[in-house]
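Enquirer: Have a look at the structure that comes next, please.
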Amino acid sequence: MQLSSKLLIRSAIVMLGLLLVLGLYVSLSFVTTSKANGIVPGCSGTDWQKVQCYANKYIQAQYPGAGVGEGEGSVAASQSTPSGFYVNQKTLHSMLNSSGSDTNGLNVLGEGDDLAKAPVLIDNLNQLTTAIAGTSFRCNWNSATAGNNCFEAGAIADVKTLVDAHEAATGHVPDIVDYCMTDHTAAPATGGWGYIAQTGGLATDGSVPKVYGFTWGRDGWTNTPVTPYTNTNPISAPGATSTYTPPGTVPGGCTSGGGDADLVRCAAYWSIQSTLGNVGNGTTTYNTAGQIVDIRSDTPGQTVDNGSPSQAAVQVPIQTVFNTGLVNVNPSAAGGVLIASASQGPGGIVAEGLRMLGYTTTTGGYIHSGVPYYNNTLSTGQEQPNTGVVYTLQSVSALTSYQVTDTTPPVINSSNATAPAAGSSTENVSRSTSVPATTKIHLTGSDSSTVDTNNTILHASDTENLTGLHPV
């Protein structure tokens, strides 16, 4: 049976179904679980300052530092651990298929896989009839139809439910990975999820999941070749920076009256749905009188040239763009702001954050596939074409509303607790379920002492040995 991260909900329900109260034994030790990623303190000040602060928190939380381009991370074919803002095919497959048994991309999150390593996987192009197996939630990134947009309050509530269920099942805060068809729309959407996550609004306990985009989306999963870098559009050296007064007001009528999480959610929704649009820059010469902001964190000798000396490109490294470098971004640029980056992912993330802060952006907001795609004579930081395995996409129905992929819990076919033999301090607890699931056991002794175990490996049948018990 093909399974997906719908098991995030299934596992949480299984745990409740396996809650055992056996009053004959007490524990000599306790099993505890830990949370990954942690809880980030909130932001203060005006609503605009709060949005700026949460945007900055996301960048700082996942920016890996010098030597990794601008922090996109995981673009190298050999990368297998999430880093920066992006994961590649090898990384995502290893997260969904930790047992290593899957060969076609469809049998992920199945028997023997570790749910603790799996992400909440979001498809932001739900109108398509294919998806990556393991997808948890499907929505449309910029839909104007009520009940379909990824950043409506109801959609955020659904994603929070998935994060909560995963945390309850595994004891760990899951990562979130967003994907589309080619990564173009996933870039700003990833920013939206990342900024909201920093408010604590994607987990009931305020935990902060790490948020990644998936390089090349569905095309990355199936190893579909990308367009070669053949563009040689005009480039020039970055100009000197100037100081500007930031907008100071969150657009879209968004306020923190409903809390910081809803403030940031509202700004993300407004930015994408009403103004940011799809991405289109990068294949032809850009000559609009807008400000080009090059966010590459190294020292680029050349960047995009728009043919307007008065609007020469400036460098504002990504790690400074939402703090000390924000004053160098012109909110009144005649043609808006265009983000130039080493790859499309971080460019879209930053463009989304600037729109949320009231900055006008050009059509698309950021360079398609990065500056080296705009001019292929530049050799640094290119977003590499696909070089992975040809995995199969799952056939699914096209949707017109956001949906959790599955809310049906597994059926517990049997469960049994075997009393220890004479002189033994071990209790054997077994169960079988209709689909592979995690196992969490809570044992309460007659004196109210408790024992907790948590096996996050997915099994259709499982036996857990509770040790260190003694009769009362």
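Enquirer: What FRET efficiency comes out for TYR244 versus THR130 if R0 is 41 angstrom and r is the Cβ-Cβ distance? Round to the nearest 0.05. All intermediate terms of the calculation are to be shown ahead of the outcome.
Expert: Values: r = 44 Å, r/R0 = 1.07.
Given R0 = 41 Å and the Cβ-Cβ separation, E is 0.40.
Enquirer: Going 7 Å from the Cα of ALA289 in the Cα-to-Cβ direction, what parts of the stretch 335-375 have a backbone nitrogen less than 15 Å from that spot?
Expert: From the stretch 335-375, the list is 335-337.
Enquirer: How do the peptides 104-116, 345-357, 450-462, 173-185 rank, highest first, by the average count of neighbouring beta carbon atoms within 10 Å per residue? Can you show the working numbers first?
Expert: Values: 104-116: 20.8, 345-357: 30.4, 450-462: 18.0, 173-185: 25.6.
Averaged packing, sorted descending, gives the order 345-357, 173-185, 104-116, 450-462.
Enquirer: R0 = 45 Å: FRET efficiency of VAL226 with THR463, Cβ-based, nearest 0.05? Could you put the intermediate results ahead of the total?
Expert: Details: r = 47 Å, r/R0 = 1.05.
Efficiency for this residue pair is about 0.40.
Enquirer: May I have the pair-distance distribution P(r) for the stretch 235-374, computed from all Cα-Cα distances with 5 Å bins from 0 and rounded to whole percent?
Expert: Per 5 Å bin, starting at zero, the Cα-Cα P(r) for the stretch 235-374 comes out as 2, 11, 21, 24, 21, 11, 6, 3, 1, 0 percent.
Enquirer: Right, something else. May I ask you to derive the FRET efficiency for THR145 and GLU111 from their Cβ-Cβ distance with R0 = 30 Å, giving the value to the nearest 0.05?
Expert: On the way: r = 38 Å, r/R0 = 1.27.
Plugging the Cβ-Cβ distance into 1/(1 + (r/R0)^6) gives 0.20.
Enquirer: Exposure proxy check: ILE339, ILE156 ranked by fewest other beta carbons within 10 Å? Can you show the working numbers first?
Expert: Numbers: ILE339 32, ILE156 23.
So the residues, fewest neighbours to most, are ILE156, ILE339.
Taken together, the values in this text are just the output of simple stated rules run on the coordinates, not laboratory data. Since the structure is predicted, the reported quantities are computational estimates derived from the model, not experimental observations. Cβ coordinates were reconstructed from backbone atoms using ideal geometry, including for glycine residues, and neighbour counts include every protein chain displayed.
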